[in-house]
Amino acid sequence: MAKRTIVAMPGDGIGVVVLEQCIRLLNAAGFDAAYVHGDIGWEYWCKEGNPLPDRTIELLEKHKIGLFGAITSKPKDKASAELIPELQNKGLVYYSPIVTMRQRFKMDICMRPCKTLKGNPLNFIRRTADGGYEEPMVDAMIFRQNTEGLYGGIEWSNAPDEVWNAMMTHKKFVANFSMHPRNEVFISTRILSKKYTERILRAAFDYAKEKGFQGITVCEKPNVIRETSGMMLKLAQDIAKKDYPGLSVWDTNIDAQMMWLTKNPENYNVIVASNMFGDILSDGFAGLVGGLGFASSAQFGENGVAVFEPTHGSAPKYASYETSIVNPIAMFLSACLMLDYIGEKTLAQRIEKAIADVVLQGKVRTYDMMKITGSPDAIKKGAASTIQMTDAIIQKLK
């Protein structure tokens, strides 16, 4: 009997192929697990009106660990239009199943590593003062608060009386928005709680301490978003002073940080941010180490459910190709985060080394690594298919 059961949720588009190849890699590496399929994604929204069916929630509640591929999301009107006729005009509203999953299981901590793999032709290169070039080695972990902030889902259009009246108690709302018709005012909230802000900060401090880094950087906008960003920064400073002597707290504004990514990215190792800012930051850092084909993530929380996924989307155009050309490494690195989380650290390191060796050798490269267009003829131009990249990594494992 396998040691554990993993809920495998392919989702949409390229999520299907990258997860399939990921399981093949894990099997080849000797990971002792069974996999149960979890329904999730656009298909289930269209035919059931729920992109995250209860049966998948039950599987995660039972088995605790999930590997997830990718999902398709569309705007409100388009989502409603694609429901089967029997579900039309039933008041159903599409919500991202992955956001719903995070909130349902309180997976409030999200870790997104961005680390340079030597030999990757997509690595960031910087001009030096003497006219030459250098390739800074990026090693950053983004700690993204995963359940609150702008992704909390608390929004209104044509707000009800109780919401409108509450907003009217704030003088800036009165001064800047009260003159508009209510049905022309759209409200999205940004709410942070002390409890879950403290949890993401402590996770970042613990990681910095474990890895031997000198401190953490809080990346927010406290000079403008004073209540929420200001609370996060002040709490980080208080926690460091009380419980993490020797670790520093630096702070950057999200806009300035995005500029500094291409100036001195090697100076940032552990960064903490609220949901939206963490999303932006992790994509920005991912661009320095090869793009979304190398961007992995882990998300977990208090109740023991953890899900691991690449941060790329479902890329439906590529899913239609006869031979898959997408880069599976982001999915593989997400699986390594899973292995590390469940205590299989040696196995995670073996797979990471095999990936690094293939990238360094440079003989097998997907279309993105060759810097060519992701078209069906990419294979003819010398790009490796998804399966060929997996084959190369498995061969290195041996």
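Values computed for the structure shown
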{"read-out": "Of residues in region 245-302 being among the β-branched types (Val, Ile, Thr) and within 23 Å of ILE14 (Cβ to Cβ), the one surrounded by the fewest Cβ atoms within 10 Å (Cβ to Cβ)", "value": "ILE280"}
{"read-out": "Subset of region 149-192 (residues that are in contact with a helix residue (DSSP H, G or I) (Cβ under 8 Å, 6 or more places away or on another chain), of a type in the set (Phe, Trp, Tyr) and not in a loop (DSSP other than H, G, I, E, B))", "value": "TRP156, TRP164, PHE173"}
{"read-out": "Test: residue in region 300-312 that is under 17 Å from the mean Cα position of the chain (by Cα), within 22 Å of ILE142 (Cα to Cα) and modelled with pLDDT under 95", "value": "yes"}
{"read-out": "Subset tally (residues that are in contact with a helix residue (DSSP H, G or I) (Cβ under 8 Å, 6 or more places away or on another chain) and either of a type in the set (S, T, N, Q) or touching a residue at least 40 places away in the same chain (Cβ under 8 Å) (or both)) for region 14-43", "value": "16"}
{"read-out": "First in region 194-207 and over 15 Å from VAL270 (Cα atoms) and among the hydroxyl-bearing types (Ser, Thr, Tyr), second anywhere and in a helix (DSSP H, G or I) and modelled with pLDDT of 95 or more, Cβ under 8 Å, 6 or more apart", "value": "THR197/MET231; THR197/MET232; THR197/LEU235"}
{"read-out": "Any hit, region 97-111, residues being polar (S, T, N, Q) and in contact with a Gly (Cβ under 9 Å, 6 or more places away or on another chain)", "value": "yes"}
{"read-out": "Residue satisfying condition, being without any contact (Cβ under 8 Å) to a residue 12 or more places away in the chain and either among the aromatic types (Phe, Trp, Tyr) or farther than 27 Å from GLY290 by Cα (or both), within set GLY230, GLY212", "value": "GLY230"}
{"read-out": "Pick from region 204-235, criterion in a helix (DSSP H, G or I) and touching a strand residue (DSSP E or B) at 6+ places or on another chain (Cβ under 7 Å), ranking: farthest from ASN146 (Cα to Cα)", "value": "ALA208"}
{"read-out": "Qualifying residue in region 56-74 (condition: farther than 28 Å from VAL305 by Cα, in the same structural domain as GLY11 (by TED's automatic domain parsing) and without any contact (Cβ under 8 Å) to a residue 60 or more places away in the chain)", "value": "no"}
{"read-out": "Region 137-163, subset within 18 Å of GLU266 (Cβ to Cβ) and in contact with a strand residue (DSSP E or B) (Cβ under 6 Å, 6 or more places away or on another chain), residue surrounded by the most Cβ atoms within 10 Å (Cβ to Cβ)", "value": "ILE142"}
{"read-out": "Out of ILE355, ILE372, sole residue that is surrounded by 15 or more Cβ atoms within 10 Å (Cβ to Cβ), closer than 24 Å to ILE23 by Cβ and among the β-branched types (Val, Ile, Thr)", "value": "ILE355"}
{"read-out": "Residues of region 206-232 classified as surrounded by 23 or more Cβ atoms within 10 Å (Cβ to Cβ) and touching a Lys or Arg at 6+ places or on another chain (Cβ under 8 Å), total", "value": "1"}
{"read-out": "Complete set of residues in region 83-97 that are outside any helix (DSSP H, G or I) and either surrounded by 17 or more Cβ atoms within 10 Å (Cβ to Cβ) or touching a residue at least 40 places away in the same chain (Cβ under 8 Å) (or both)", "value": "LEU83, LYS90, LEU92, TYR94, TYR95, SER96"}
{"read-out": "Some residue of region 116-137 being in contact (Cβ under 8 Å) with a residue 24 or more places away in the chain and closer than 21 Å to PRO222 by Cβ", "value": "no"}
{"read-out": "Top-ranked residue in region 174-205 [being surrounded by 13 or more Cβ atoms within 10 Å (Cβ to Cβ) and among the basic types (Lys, Arg); ranked as nearest to ALA240 (Cα to Cα)]", "value": "ARG202"}
{"read-out": "Criterion violated by LYS396 - all others in (1) assigned to a helix (DSSP H, G or I); (2) surrounded by fewer than 16 Cβ atoms within 10 Å (Cβ to Cβ) satisfied", "value": "(2)"}
{"read-out": "Filter result for the condition that a residue is under 19 Å from the mean Cα position of the chain (by Cα) and either part of a helix (DSSP H, G or I) or at pLDDT below 95 (or both), over LYS78, LYS47, LYS74, LYS62", "value": "LYS74"}
{"read-out": "Of all residues making up region 313-350, the number that are among the β-branched types (Val, Ile, Thr), over 20 Å from the mean Cα position of the chain (by Cα) and part of a helix (DSSP H, G or I)", "value": "1"}
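A quick yes/no check of all residues on (1) modelled with pLDDT of 95 or more; (2) at negative phi; (3) small (Gly, Ala, Ser); (4) outside the structural domain of ASP279 (by TED's automatic domain parsing):
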position	(1), (2), (3), (4)
MET137	yes, yes, no, no
ALA140	yes, yes, yes, no
TRP164	yes, yes, no, yes
THR169	yes, yes, no, yes
PHE177	yes, yes, no, yes
ILE216	yes, yes, no, no
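The values are calculated or read from the model by the stated rules, or taken from the named source; none is laboratory data. Just so you know, these numbers come straight off a predicted model, no measurement behind them. No Cβ is skipped: glycine too gets one built from the backbone with ideal geometry, and neighbour counts run over all protein chains shown.
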